[in-house]
Amino acid sequence: MKDFNIIIVEDVPLELKGTEGIIESDIPEAHVLGTAADESSYWKLMRQQQPDLVLLDLGLGGSTTVGVEICRHTKQSYPKVKVLIFTGEILNEKLWVDVLDAGCDGIILKTGELLTRGDVEAVMSGKRLVFNEPILEKIVERFKKSVNNEIMSQEALISYDIDEYDERFLRHLALGYTKEQITQLKGMPFGVKSLEKRQNELVKKLFADDNGTVSVNATRLVVRAFELRILDLDNLHPDEE
């Protein structure tokens, strides 16, 4: 790894000392241009000399949003500068999403293996989305859950003989569309009467165990579709009208 310049943004003196220790012992190629404990100090350093890498904590001065904004403005103003998040915000998943949207090159949580030479080398070599093991475990867990939900949804569509139009009809009912509005969707070849018939057929399919003893309106039909995984709350969006 070639020599490079770094700015460390950290407002907790003890943690800053620990971070500097990691860099000094494990990453001798990194030359610290300076450290900043707040936003104004950071931008003062940036005006003096731009680094190759910013090692950025997110929780500065009790605020979690300052770090996100520093990341966003850094990537906008200095697109060649790499930003690696090194944060103790180990439970705030929304914050991780925000800083990824802001353009960071990776997130290292201050837990588990902490910051490693491999992490920094990966970022400096141009790799995006560099994570350490604690956050990777979360990502993999969510990925597995997402895939399993997709599989259950596909199986439900087959098991209950749900075709494309059934799914579109149910999805738009869930979104609050009236039958009249659904008939206006692009590629929907049904009138209101046909949709009413389709709704009755869906009730028979999805409530077969009730033997027709329960009255089912559109709302209950939609709830049943969610229960059976025919509809996915995370993919509930309207089609082009």
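The values are calculated or read from the model by the stated rules, or taken from the named source; none is laboratory data. This structure is a prediction, so every number in the text was calculated from the model and none was measured. Counting neighbours? That spans all protein chains shown, and the Cβs are built from the backbone with ideal geometry, glycine included. Note: areas computed on protein heavy atoms with side chains; ligands, DNA, RNA excluded. Shrake-Rupley method; radii C 1.70, N 1.55, O 1.52, S 1.80 Å.
Among DSSP beta bridges whose residues both lie in the chain, state the antiparallel percentage, nearest 5.
Working: 1 of 21 bridges.
Taking every DSSP beta bridge within the chain, about 5 percent pair in antiparallel fashion.
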Rounded to the angstrom and largest first, Cα extents along the principal axes for the range 150-215 equal 32, 31, 19
SASA check, ARG117, accessible area w/ 1.4 Å probe, all protein chains in place, rounded to nearest 10 Å², comes out at 80 Å²
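Can you quote the Å³ per residue value for the convex hull of the Cα atoms in the range 1-52, rounded to an integer? Don't jump to the answer; show the numbers that get you there.
On the way: hull volume 3.0 nm³, N = 52.
For the range 1-52, the hull spanned by Cα atoms encloses 58 Å³ per residue.
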Note: THR111 to GLU196 extended length (0.36 nm per residue) minus current alpha-carbon separation gives 25.0 nm
For ASP161, the net charge from surrounding residues (Cβ-Cβ under 13 Å; K, R +1; D, E -1) works out to -3
Per the charge dipole of the chain (beta-carbon charges, Lys/Arg positive, Asp/Glu negative, Cα centre), the residue among SER77, GLY62, ALA174 reaching farthest to the positive end is ALA174
Per 5 angstrom bin, beginning at 0 and ending with the bin that holds the maximum distance, the Cα pairs of the range 58-148 fall in percents of 3, 14, 24, 24, 20, 11, 4, 1, 0
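Let me check I have the definition right: for the range 89-196, take the eigenvalues of the Cα gyration tensor, multiply each by 5, take square roots. What are those semi-axes in whole Å, largest first? If you can, show how the numbers build up before the last one.
On the way: eigenvalues 405, 52, 30 Å².
Values for the range 89-196, descending: 45, 16, 12 Å.
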At q = 0.17, 0.18, 0.22 1/Å the base-10 log of I(q)/I(0) from the Debye formula over the alpha-carbon atoms of the range 40-97 is -0.54, -0.61, -0.88
With no solvent term and unit scatterers on the alpha-carbon positions of the chain, Debye gives log₁₀ I(q)/I(0) at q = 0.07, 0.08 Å⁻¹ of -0.42, -0.51
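Please give the FRET efficiency for GLU121 paired with GLN181, using the beta carbon to beta carbon distance and R0 = 41 Å, rounded to the nearest 0.05.
Numbers: r = 55 Å, r/R0 = 1.34.
After rounding, the FRET efficiency stands at 0.15.
Quick check: with the 1.4 Å probe, what order do ARG224, ARG47, ARG168 take by accessible area, largest first? Before the final figure, lay out each step's value.
Working: ARG224 60, ARG47 170, ARG168 20 Å².
In descending accessible area the options line up as ARG47, ARG224, ARG168.
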Over the Cα atoms of the range 1-112 the radius of gyration and the largest Cα-Cα distance (Dmax), both in Å, equal 12.9, 35
Answer in debye to the nearest 20: the dipole magnitude of the chain about its Cα centre, from +1 Lys/Arg and -1 Asp/Glu charges placed on Cβ, is 640 debye
